[in-house]
Amino acid sequence: MDLGIRGKRALVCASSKGLGRGCAEALAGAGVDLVMNARTAGPLEQAAEAIRAAHGVAVTTVAADITSDDGRAEVLAAADSPDILVTNAGGPPPGLWSDWDRDDFIAALDANMLTPITLMKACLPKMMDRGWGRIVNITSVSVKSPIAVLGLSNSARAGLTGYVGGTARQVAGTGVTINNLLPGIHATDRAVSLDGGAAKAQGISLAEAKAKRAATIPVGRYGTPEEFGATCAFMCSTHAGFMVGQNILLDGGAVNTTF
Ligand code: NAP
């Protein structure tokens with residue numbers, strides 16, 4: 001399917017690896033020029049070079065922490081009013097409900113709620129002026145079904161979801177859509193790190209921890225960054241102009257609800 005976005009420009013945050021990389025790849029496959037971001041320059045440059053070689057699109061890289069004011073300013077300057085914005089950042093650390101103090105919550109809110117909100121506020125005005133724009137926020141299954149050890153994620157991402165629900169409907173009349181893409185368990189470094197924590201806590205091997213988690217997914221396996229990226233690219237396409245303020249869950253059927 002032609003996604004109708006060839007020649008558009010996208011900012012994909014936190015995209016040297018994992019789900020962000022999957023989104024960058026899929027958008028590049030649709031002919032979109034990219035600004036890619038991550039904190040570590042080496043893997044970011046490697047990812048950008050691989051995408052340039054595979055898809056022939058222009059890719060600019062900005063090695064910066066997207067959760068910091070300076071990092072965001074640098075990234076936004078390079079992106080120069082993109083047509084498409086994909087927000088993403090690392091997830092908060094796991095723990096117990098009783099572990100976290102105010103500073104932990106502020107850090108999680110900064111990274112996973114206020115950073116995407118600030119990026120949206122920066123990019124929306126020009127998208128609205130141009131009469132076209134697409135914003136996809138990478139959030140989490142934790143918004144629909146809380147993950148006990150990820151209370152910081154449950155909290156911060158719920159706040160972002162509320163903001164998007166209201167804002168998406170205020171800007172929809174200008175041709176700009178905002179939606180959230182909710183990953184369930186996907187095969188990325190983040191999943192390996194969470195599996196490692198579970199293995200340690202339960203006194204089992206990493207492979208056993210992974211097999212146990214895969215068994216909780218009706219599809220019987222983890223999702224892939226490619227599947228995730230393809231869905232993101234569709235949400236950024238010309239075909240998705242009637243999708244507004246939605247929370248699209250990609251979890252292999254893991255959340256057991258009818259709706
Ligand atoms: P990942 O494989 O660990 O990749 C994270 C990417 O983000 C890397 O490119 C990393 O590069 C970059 N990054 C992290 N923090 C950053 C920051 N502050 N500023 C700029 N770039 C940053 O993680 P993932 O699995 O793709 O997860 C992406 C998001 O989805 C996370 O918020 C995660 O919590 C959420 N999520 C993931 C899953 C899953 O199963 N994978 C499920 C639910 C939710 P650098 O380290 O070099 O910065």
Restricting attention to helices (runs of 4 or more DSSP H) lying wholly within the stretch 16-129, give those where 1 or more residues are in contact with a Lys or Arg (Cβ under 6 Å, 6 or more places away or on another chain) and open to solvent by less than 10 Å² (accessible area, probe 1.4 Å). 41-55
In the stretch 43-50, is there at least one residue being polar (S, T, N, Q) and over 19 Å from the mean Cα position of the chain (by Cα)? yes
Just to be sure I understand, how many residues within the stretch 157-197 are free of Cβ contacts under 8 Å to residues at least 24 places away in the same chain, open to solvent by 20 Å² or more (accessible area, probe 1.4 Å) and in contact with a Leu (Cβ under 9 Å, 6 or more places away or on another chain)? 2
So which residues in the stretch 135-168 are touching a strand residue (DSSP E or B) at 6+ places or on another chain (Cβ under 9 Å) and not hydroxyl-bearing (Ser, Thr, Tyr)? 135, 136, 137, 138, 141, 143, 144, 157, 160, 164, 165, 168
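I need the full set of residues from the stretch 221-259 which are of a type outside the set (D, E, K, R), touching a residue at least 40 places away in the same chain (Cβ under 8 Å) and assigned to a loop (DSSP other than H, G, I, E, B), in order please.
Listed by number, the residues that qualify are 224, 236, 237, 241, 243, 244, 245, 246, 252, 254, 255, 257.
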Pick from the stretch 1-18, criterion more than 9 Å from the ligand (Cβ to nearest atom) and in contact with a Cys (Cβ under 9 Å, 6 or more places away or on another chain), ranking: farthest from residue 222 (Cα to Cα): 8
Filter the stretch 184-215 for residues that are charged (D, E, K, R) and within 15 Å of the ligand (Cβ to nearest atom); which is farthest from residue 226 (Cα to Cα)? 212
Which numbered condition residue 21 misses (of (1) within 25 Å of residue 125 (Cβ to Cβ); (2) within 13 Å of the ligand (Cβ to nearest atom)): (1)
Where in the stretch 135-220 are the helices (runs of 4 or more DSSP H), entirely inside, with at least 3 residues that are in contact with a Ser or Thr (Cβ under 8 Å, 6 or more places away or on another chain)? 151-171
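The values are calculated or read from the model by the stated rules, or taken from the named source; none is laboratory data. Everything numeric in this text was worked out from a predicted model, so none of it was measured. Ideal geometry is used to build each Cβ from the backbone, glycine not excepted, and the neighbour counts take in all protein chains shown. The protein model used for the area step is the full one, side chains on, heavy atoms only, and it has no ligands, DNA or RNA in it. Shrake-Rupley method; radii C 1.70, N 1.55, O 1.52, S 1.80 Å.
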